[in-house]
Structure formats: C-alpha cells, structure tokens
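As structure tokens, the structure follows; a few thoughts come after it.
The values are calculated or read from the model by the stated rules, or taken from the named source; none is laboratory data. Here the structure is a predicted model, which is why all the values come from computation and not from measurement. When we count neighbours, we look across all protein chains shown, and the Cβ atoms used for this are built from the backbone with ideal geometry, even at glycine. Heavy atoms of the whole protein, side chains included, go into the accessibility calculation; ligands, DNA and RNA do not. Shrake-Rupley method; radii C 1.70, N 1.55, O 1.52, S 1.80 Å.
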Amino acid sequence: MGLVSMDQPQLLSKIATGDGHGETSSYFDGWKAYDKNPFHPTKNPQGVIQMGLAENQLTADLVQNWIMSNPEASICTLEGVHNFKEMANFQDYHGLPEFRNAVAKFMSRTRGNRVTFDPDRIVMSGGATGAHEATAFCLADPGDAFLVPTPYYPGFDRDLRWRTGVKLVPVICESANNFKLTKQALEEAYEKATEDNIRIKGLLITNPSNPLGTVMDRNTLRTVVNFINEKRIHLISDEIYAATVFSHPSFISIAEILEHDTDIECDRNLVHIVYSLSKDMGFPGFRVGIIYSYNDTVVNCARKMSSFGLVSTQTQYLMAKMLSDDEFVKKFLTESAKRLAQRYRIFTSGLTKVGINCLQSNGGLFVWMDLRGLLKEATLESELELWRVIIHEVKINVSPGVSFHCSEPGWFRVCYANMDDRDVQIALQRIRSFVVQNNKEVMVSEKNTKPCWHSNLRLSLKTRRFDDIVMSPHSPFPQSPLVKATT
C-alpha cells in the first residue's frame, strides 16, 4: 500500500478522532484495571475489587420483592401483557403522563415533601448524562463556560463538554473549610474567567456532592442563588443523590430555596435541576434522567432534544407503577437510608482503626478518603504514584482526587454501596494490611535513614505477595465470615 498524502482531507470528524470523551483520565483507567482482572470471591479472589463505581446495590432485594408482588407492572408478564401493544407503540417525547406524575411526586418525596414539582416541567432523558448535555445545549454556545466547584465528578468533562463545545471553569474549594463553596471562591473564578475572555453562562453545583458526600447548607444555597442572580447566569443543580442522605443535616433542594426563601430575589428562569433514578433507586441501567427547568423555553427545547435519548416506554410504565406505590416508596426510602448509614459506619470505622480518616459526610454512595499522610511528597504526581500501588498491588480500584480536579493531592473517592458485606470486609482487610505493611516499612526506613516508603513497599511486595499477606492465617486481621462488586 502506498503512503497516504499529507494533504489528503481528514475523513473523520474532530469528535471521532479527538479525546474529548475523557477516557484517558485516571478515573477511567481504574475501571480498565478492574475489567482486566475483576475480583470474585471464589473464581478470582486475588482480583481487583471495584470501589470506583458509585452504584447503590443495597436495596435490590426490596425492588425485586415489589416486582414479584406486582407482576402486572411489567408488560412482559402474563398479568401485564395486555398492555404490550399500546406501550410498544407509544413514542411521544412528552412521555407517559402517569410517568411524569409519578416522577414529580417521587422528587417531592425525596425532598421531604417540602416542595412540589409540576409534572408538565418533567423532561426525560437518557440518564443524567443525557440530561446534563441537553441542558448545556440549551444554555450555552460552543466556547461559553460553566463554573464548577471542585472537586467534581470526572464525567462532567464528557457530559457537558465533549459534544457541546462548552468549557468548564473550576471554582477552587479547599480542605481547610471541608471543601465548602464560598462567595469569595465564586467571585475569584468568575473574575479570572472574565480576564481570560471566557464567557460564563452558568454555575453547576452537585448537591449532595460527588465525590464529597456532603450536602450544601441553606446559607450556601442562598449565596449561590444571590450570585447567579447578580451575575445573570444560569444555575444547574445536580441532585441525583437526593435520597442517599442518611443522617443530619438533611438535604435541601434548590427548589426549596426558590419556594420558601422569599426574602431573596431570584429569577426562576435561571434555575434548572438535573435528576435521575440511577443513584436513589439503584437503576443506572434503566437510563432514567430528568431535566426540571423553571424556564419554559428550556423545557420546550430540552423536550424536543429528548428525542435523541428517550426513556423506553416499557421502563416508563414500570417506573410509573412502582413510584406511585406510596407504601413501597416510603418503606424503600427509609430502609435505603438505614442500610447506607450502616454501611458508612462499618467502612469508616474500619478505616479509622488503622488511622485513615475521611471527610465527614452523610450522603452519596462513597467517602472522600484522606491519604495525604501516605504521600511521598505533597504533589499530584505522588498521588498518582500511590494510586497505582493501590490499584496494582493492593488491588482495589479507588479514584484519585486529581481525576476529580481536586487542587490538593492525597484525597481519594472510595465507593462502598456497590458490593455485599463480605466484599467490604475483604476490601478493608486489604487496606488495613497495606497500611500496616507501610507503617513497618516507614519504621525501618527511619531507622536506617533510607528514603521513600514507595520503593520499600514495592520491594516488600515483590518478596511476599500482597494477597498472601492479606489472606494469610497469620494476618493481623481476622478473616470475615461474611464476602460482589460495580459507578
């Protein structure tokens, strides 16, 4: 074959040939490491445990029991098949009225029934990913930007930027005040963007936070509302973890500020909420994303755009039935909070026993783990070096802070709700053994005045397999009598 001429026109688009998806991020690299060597308690007990995926698998039994008790809710059962033809032919992008009514009611329920939502403003999309992209298309043009407080979900770089051409400008939040968003941080980010000739069209917040697991208090939300009104920019409030809050302080939706805090000025046309059933209900595969906008034009445009990513009518039908069952929803939300609280306590107490602290949180499906004390140096390079040891030697997929655009090295997101009790104990055993082994090497290093825990640890791991240390009957941590893994 001859050489291709250098002046031959590009056959593919920039999107197809570029790396805008963000798959080169260490966030996704951890997933790849897991996919190559997935942990299984019997088939592959020395594989990588997936703790980089924020899925809620703790309440699957409640949903399964409801489905078995309500077979008519599915059009693929003897009890529900009489509705098959009607549902199979329904394709209105407004969605089933009963679906929109049920989702609006559920959104109110997950916010303590302190606010109400208009079903006519419910716009469906293919998961929160599709909802965020459609919202970005409605609010901004290529080259425009959104402010986003750090640390933030790595997928936003894909969801809001890849196909829209929109930019994300970080608002730096710091550990000194537990990464709380401040007016000063917002102003500094906005002013810097203005100096750089970047047009800011909106502010994107995640409440409850991913990856922090914290909720925004009322004063912070009021600051946000005042800020976007003063600057005349949009506010996108990602609230997909609303029902994962398991203790006080309770979650406050931006909708509650709009409805009840009437003493502050707010143009509702600037406010938009993104929601989903992926986290609160544990249904990421159903791809139920929701845009709730107070702006009529955005509602109309987003609804037309939803043609590119509709929720299947079969799923709408099932969700309408399930979310309309008040007794089930009440039981589900109560039990989900109870189980999340229990798992959080078990995991964080297990880390505390070996001196690992986490940011205090009460929501989400993860913890923001502080490993700054294990860094060779306070640099992002050292953080990634430690992360590679955790992935390849400890064999746990956790997500490094740098992938969340955290400005301070040494923080890691660890998901704990996507596995059973036994797997949690195995993960804790691996982490504990890693810390104990590291502490021993540090002591030897200090005694011999040798540098770098990392080289010592790798040397010791080559001498004796880490898995052998963890699973050894002489391990300082007892084998759990109890041990399954997936965002």
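Out of ALA16, THR77, ILE122, whose Cα points farthest toward the positive end of the dipole of the chain (charges: +1 Lys, Arg; -1 Asp, Glu; placed on Cβ)?
So the residue furthest toward the plus end is THR77.
Roughly how big is the stretch 72-325's charge dipole about its Cα centre, with Cβ charges of +1 (Lys, Arg) and -1 (Asp, Glu), in debye to the nearest 20?
The dipole magnitude comes to about 320 debye.
Take a quick pass over the stretch 72-325 and tell me how many lysine pairs come in under 15 angstrom between Cα atoms, counting only ones 8 or more apart or on separate chains.
Numbers: LYS105/LYS321; LYS167/LYS192; LYS167/LYS201; LYS183/LYS192; LYS183/LYS231; LYS192/LYS201; LYS192/LYS231; LYS201/LYS231.
For the stretch 72-325, qualifying lysine pairs total 8.
So, with +1 on the Cβ of K and R and -1 on the Cβ of D and E, and no other charges, what is the size of the charge dipole of the chain about its Cα centre, to the nearest 20 debye?
1400
Just want the answer: with Cβ charges of +1 for Lys and Arg and -1 for Asp and Glu, which residue in VAL436, CYS406, GLY373 is farthest toward the dipole's positive end in the stretch 323-450?
Checked the options; the winner is VAL436.
Taking 0.36 nm per residue of separation and subtracting the Cα-Cα distance, what length does fully extending ASN177 through ASN229 add?
Length gained, ASN177 through ASN229: 16.2 nm.
Suppose only helical runs count, i.e. DSSP H with n ≥ 4. What mean residue ellipticity at 222 nm does that imply for the chain under -39500 (n - 2.57) per run, divided by all residues and rounded to the nearest 500 deg cm²/dmol?
-12500 deg cm²/dmol
Would you work out what percent of the accessible area of the chain, with all protein chains in place, is carbon or sulfur (probe 1.4 Å)?
Accessible surface attributable to carbon and sulfur in the chain totals 52 percent.
7 Å from Cα along Cα→Cβ at both PHE84 and SER324: what's the point-to-point distance in nm?
2.2
Please give the per residue accessible area of the stretch 72-325, computed with a probe of 1.4 Å over protein heavy atoms only, in Å². Write out the running numbers ahead of the final one.
Details: 10180 Å² over 254 residues.
Computed with neighbouring chains in place, this is 40 Å² per residue.
Hey, if you put +1 on the Cβ of every Lys and Arg and -1 on every Asp and Glu Cβ in the stretch 257-354, which of VAL354, LEU323, SER336 ends up farthest toward the positive end of that dipole?
VAL354
What percent do you get for the relative contact order of the stretch 147-188 when only Cα pairs under 8 Å and 6+ apart count?
41
Under 8 Å for C-alpha pairs, at least 6 residues apart: give me the relative contact order for the stretch 126-262, rounded to a whole percent.
Answer for the stretch 126-262 is 23 percent.
At SER407 and GLN184, where each label point lies 7 Å from the Cα along Cα→Cβ, what is the point-to-point distance in nanometres?
Each label point lies 7 Å from its Cα, and together they span 1.1 nm.
Full extension from ASP92 to GLU381: what is 0.36 nm times the residue separation minus their Cα-Cα distance, to one decimal in nm?
99.0 nm
Calculate how large, on average over all directions, the projected area of the Cα convex hull of the stretch 74-127 is; give the answer in nm² to one decimal.
Averaging across all directions leaves 4.8 nm² for the Cα convex hull.
What distance in nm separates the simple spin-label points at LEU12 and GLN46, each placed 7 Å from Cα in the Cβ direction?
Between LEU12 and GLN46, the label points sit 3.8 nm apart.
Excluding GLU377 itself, calculate the net charge of residues whose Cβ lies under 11 Å from the Cβ of GLU377, where each Lys or Arg counts +1 and each Asp or Glu counts -1. Before the final figure, lay out the partial values.
Numbers: positive: ARG372, LYS376; negative: GLU381, GLU383, GLU385.
Value of the local net charge: -1.
Rounded if a/c is under 1.5, else prolate if a/b beats b/c, else oblate: with a ≥ b ≥ c from the C-alpha gyration tensor eigenvalues square-rooted, which is the stretch 12-148?
Cα axes put the stretch 12-148 in the oblate bin.
Viscosity 0.692 mPa s, temperature 37 °C: what is the translational diffusion coefficient of the stretch 227-309 from Stokes-Einstein with a Kirkwood Rh over Cα pairs, rounded to a whole number of µm²/s?
229
Within 12 Å, Cβ to Cβ, of THR59, how many net charges do the neighbouring residues add up to if Lys/Arg are +1 and Asp/Glu are -1?
Neighbour charge sum, excluding THR59 itself: +1.
Might you report the magnitude of the Cβ-based charge dipole of the stretch 302-435 about its Cα centre, with Lys and Arg at +1 and Asp and Glu at -1, to the nearest 20 debye?
300
Which FRET efficiency, nearest 0.05, do GLN64 and ASP217 yield, Cβ-Cβ r, R0 41 Å?
0.65
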